[in-house]
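These notes concern the structure reproduced below.
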Amino acid sequence: MLVKKDVYILGIESSCDETSISIVKNGYEEIATTVLTQMDTHALYGGVVPEIASRMHTENITMVLEDVLKKANMSVDQVDAIAVTYAPGLLGGLLVGVEFAKVLSLVYDKPLIATHHIAGHIYANNLVDRLEFPLLALVVSGGHTELVKMSGDYQFEVLGTTKDDAIGECYDKVARVLDLPYPGGPNVEKYALKGEHTYELPKPMDNDSLDFSFSGLKSAVINLSHNEIQRGHEVRKYDLAKSFQDVAVEQVVRKTKLAIDKYKDEIKEVIVAGGVSANGYLRDELKKLCDEENIKLSIPPLKYCTDNATMIACAAYPQFLKGDFADLSLRAQSQEYFFSSPSVNNNQ
Ligand code: KG4
Ligand code: ZN
């Protein structure tokens, strides 16, 4: 009789300002995770300082590993593979994770898996409920804004994408214009909670296309703020944050509705992925939409929306099953568009 063995994957994430390691069983059962955030340090400088980030990853990664192994009551010997975020992100940080993963893979003789950060955000949804294909994925992050149809594991059809900026990038820029501290996106959300939609801003991509645009909205916020200052008027930051957020989220929800209406007969659920899925207003509006459309919605709990290694270990599981392994020539890549890569195991 064939007995299916449980698969334990140790995931490593260091692409930005979180050093995180996690052990996940069978792609969805979290055994233990440690996330060490550098946010307070970078907040002193108004944003992530890459040099400081990579130094802190180097200083902390061994300690993070020890901590997660202790919590899991496991040793590296007991895991089946080592997965690491190899792209995209800050090169220095990625390098720390990739080289650390290679050493573990070599010393403990475990297969190495090169996992894309965006795959991690997508597969974080497996922690809630197993993905049900075909599905519609809304990816909203610092570098991505996409509507993607997934017909199976790692099978993507991009239905719509941003023509310019990503939504997270736009939130971060608006935070800067409003002079809000790092991290930008969450602070814009906090300000919006206290404001009213009193400023008029243009509605982007008001057409039937599934593509997005955020640069016009971003410029409108910048111009409005400059004009108010030049006229000697006070910029009502809470109201501008709320006016911006309403328009940005409305666009995302409107496009998601268009995609649901177009593909309703084909898709079983809608999943949301990426850092901006931590935004409470977006979560509420998507919930309303999916209730109205009578379609299942999956959004990871908040702690899995922001960067963590749990999602990396989840995303590596289908790669493990396929035998999609990397070798020691694996290189960290600061920029790699996920959905155009023919293979997730890019190790040239
Ligand atoms: O998915 P992510 O880690 O970025 C990439 O991997 O590219 O998400 C980071 C982005 C940042 O732009 C951040 O400002 C935004 O997600 N973000 C938010 C919130 N939390 C994080 N944006 C709006 N509201 C939030 N609560
Ligand atoms: Zn991320």
Query raised in the report: Of these, K194, K163, K173, K203, which one is over 21 Å from S298 (Cβ atoms), basic (K, R) and either at pLDDT below 95 or near ligand 1 (Cβ under 10 Å from one of its atoms) (or both)?
Result: K173
Query raised in the report: Which condition does H144 not pass, out of (1) modelled with pLDDT of 95 or more; (2) within 20 Å of the chain's Cα centre (by Cα), if it passes all the others?
Result: (1)
Requested in this report: Check whether at least one residue in the range 193-202 is outside any loop (DSSP other than H, G, I, E, B) and within 16 Å of ligand 2 (Cβ to nearest atom), and report yes or no.
Outcome: no
Report task. Collect the residues in the range 198-215 that are surrounded by fewer than 16 Cβ atoms within 10 Å (Cβ to Cβ) and either under 14 Å from K242 (Cα atoms) or more than 21 Å from the chain's Cα centre (by Cα) (or both), keeping them in residue-number order. Result -> T198, E200, P202, K203, D206, N207, D208, S209
Query - Top-ranked residue of the range 58-100 - restricted to ones that are touching a His at 6+ places or on another chain (Cβ under 7 Å), more than 18 Å from T310 (Cβ to Cβ) and not small (G, A, S), ranked as farthest from ligand 1 (Cβ to nearest atom) - result: V96
Report summary line: Within the range 94-131, residues farther than 30 Å from S215 by Cα and outside any helix (DSSP H, G or I) come out as D109, K110, P111, L112, I113, A114, V128, D129, R130, L131
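Among the residues in the range 271-286, are any under 24 Å from V96 (Cα atoms) and surrounded by 18 or more Cβ atoms within 10 Å (Cβ to Cβ)?
Yes.
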Report summary line: Going through (1) surrounded by fewer than 24 Cβ atoms within 10 Å (Cβ to Cβ); (2) over 17 Å from A326 (Cβ atoms) one by one, G93 fails only at (1)
Query raised in the report: Which members of the range 166-192 meet the condition of being part of a loop (DSSP other than H, G, I, E, B) and either over 19 Å from L224 (Cα atoms) or not assigned by TED's automatic domain parsing to the domain that holds A220 (or both)?
Result: A166, P181, Y182, P183
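Identify the residue in the range 4-16 that is assigned to a loop (DSSP other than H, G, I, E, B) and modelled with pLDDT of 95 or more and, among all such residues, is farthest from ligand 2 (Cβ to nearest atom).
In this case the residue turns out to be D6.
Condition check ((1) touching a residue at least 24 places away in the same chain (Cβ under 8 Å); (2) assigned to a loop (DSSP other than H, G, I, E, B); (3) not β-branched (V, I, T)) across all residues:
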residue	(1), (2), (3)
V64	yes, no, no
V84	yes, no, no
F133	yes, yes, yes
L136	yes, no, yes
V148	yes, no, no
E157	no, no, yes
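The values are calculated or read from the model by the stated rules, or taken from the named source; none is laboratory data. Note that the structure is predicted; figures quoted are calculated from it, not measured. Glycine gets a Cβ as well: all are built from the backbone with ideal geometry, and neighbour counts include every protein chain shown.
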